[in-house]
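Here the structure comes first, spelled out in structure tokens, and everything after it is commentary.
Please treat every number below as a calculation from the coordinates, not as lab data. Bear in mind that the values here come from a model prediction, so they are computed numbers and not experimental data. So basically every Cβ, Gly included, is an ideal-geometry build from the backbone, and we count neighbours across all protein chains shown.
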Amino acid sequence: MRVAVYSTRPYDRRFLDGANVPSRHELVYLDAQLDASTAAAADGATAVCAFVNDRLDAEVLQRLHALGVRLVALRSAGFNHVDLEAAAALGIAVGRVPEYSPHAVAEHAVALVLTLNRKIHRAYARVREGNFALEGLLGFDLHGRTVGVVGTGKIGECFCRIMSGFGCRVLAFDPHHNPACEALGARYVTLPELLAASDVVSLHCPLTPQTHHLIDAAALASMKRGAMLINTSRGAVVDTPAVIAALKSGALGSLGLDVYEEEADLFFRDLSADMIRDDVFARLLTFPNVVVTGHQAFFTEEALAAIAGITLANITAFEDHGQPQHAVSVERIV
Ligand code: NAI
């Protein structure tokens, strides 16, 4: 099958080519992000392969359908960027990679916790300049602290396991209780209880209408003063201007982000010789107690190999049986 692969970087090609053996599918690699202006590049393809910041709204899906595209193969677990109702109405199947390496994302969330707590980002710069003073680098023992985990699916469960290993008390909030987390000692509470009691809050829920700006000004006001917030889920789960206000007032102690609501115009490219036009994002970068990474939590050898393998399996299953192996349906968003 001919597949237009959008938003590809050299590492995507390496892993997808590795999984496309023997070269069953014709993978046409495109650097461009998918949107209404780039959809035409899928001409002649039966499938498009898309990543997290590709746009798959009704207009784009209509254009793709008119070109003959019948499958969207997502290289991601999240599918919040796809208009599933429009896809269903057009008869375009959508496949995703439901699980590739929950460890990759959970471990990155822990990296953000440890970096912020022990100020590794500041220590690294200081030592390189010959400054060995410790003022401003004071952290706290994670052992014995309370960690709140919002969303205890595959990634949240891994995160619970690691934080339990550190000797933390783990509180959890999720409409669906995960027995594996309970077995680790996590206690399910309401979201307000979790926010009020946690020294560290880590977000591992999907972006849905219910979780959009879940962490807003009211939620931030109900958190422990000086608590740490970690978001490796999706940017729009957090209201960024509200977070900036909480950082400025000192209510929020520190912030670790791997995702950002407006990241589509920033992440996955080198803008170091350009300027940042997003003033909200630029303000975030001015805080010494904020660490931002550019949506790299998934970025491990194991995860990329699994993403490529499952994406190709979705495409092959669609070609053979008319459905991707891991189909996403409209029911999933309600
Ligand atoms: P999952 O589907 O295994 O778990 C999600 C959990 O969130 C489920 O248990 C669900 O019940 C829960 N949930 C749903 N609505 C909720 C709400 N309103 N409040 C609290 N919990 C709620 O998904 P998985 O694999 O653990 O991934 C979680 C999210 O992580 C993905 O949806 C994606 O947005 C993000 N992600 C980020 C990556 C990155 O590189 N930064 C990579 C992969 C995923």
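Structure above, values below:
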read-out	value
Whole-number D in µm² s⁻¹ for region 204-334, Kirkwood Cα-pair radius fed into Stokes-Einstein, 37 °C, 0.692 mPa s	193 µm²/s
Highest average packing first - 304-315, 233-244, Cβ atoms within 10 Å	304-315, 233-244
Anchor Lys119: lysines whose Cα lies under 18 Å away (excluding residues fewer than 8 positions away in-chain)	none
Mean Cβ count within 10 Å, highest first, over the residues of peptides 19-28, 266-275, 128-137	19-28, 266-275, 128-137
Between helix 154-165 and the chain: long-axis angle, C-alpha atoms, 0 to 90°, nearest 10	30 degrees
Rel. contact order, % - alpha carbon contacts under 8 angstrom, at least six apart, region 102-292	19 percent
Degrees separating the helix 102-118 axis from the principal Cα axis of the chain, which is the longest one	30 degrees
Likely footprinting exposure, Asp320, Asp216, Asp83, fewest C-beta neighbours within 10 Å first	Asp320, Asp216, Asp83
Proxy reagent accessibility, fewest Cβ within 10 Å first, across Leu247, Leu74	Leu247, Leu74
Alpha-carbon gyration tensor eigenvalues x 5, square-rooted, for region 130-195, Å	29, 12, 10
Per-q log10 I(q)/I(0), the chain, q = 0.10, 0.13, 0.15 Å⁻¹ (Debye; single scatterer per alpha-carbon; no solvent)	-0.63, -1.01, -1.25
Cα centroid separation, region 258-279 to region 5-53 (Å)	22 Å
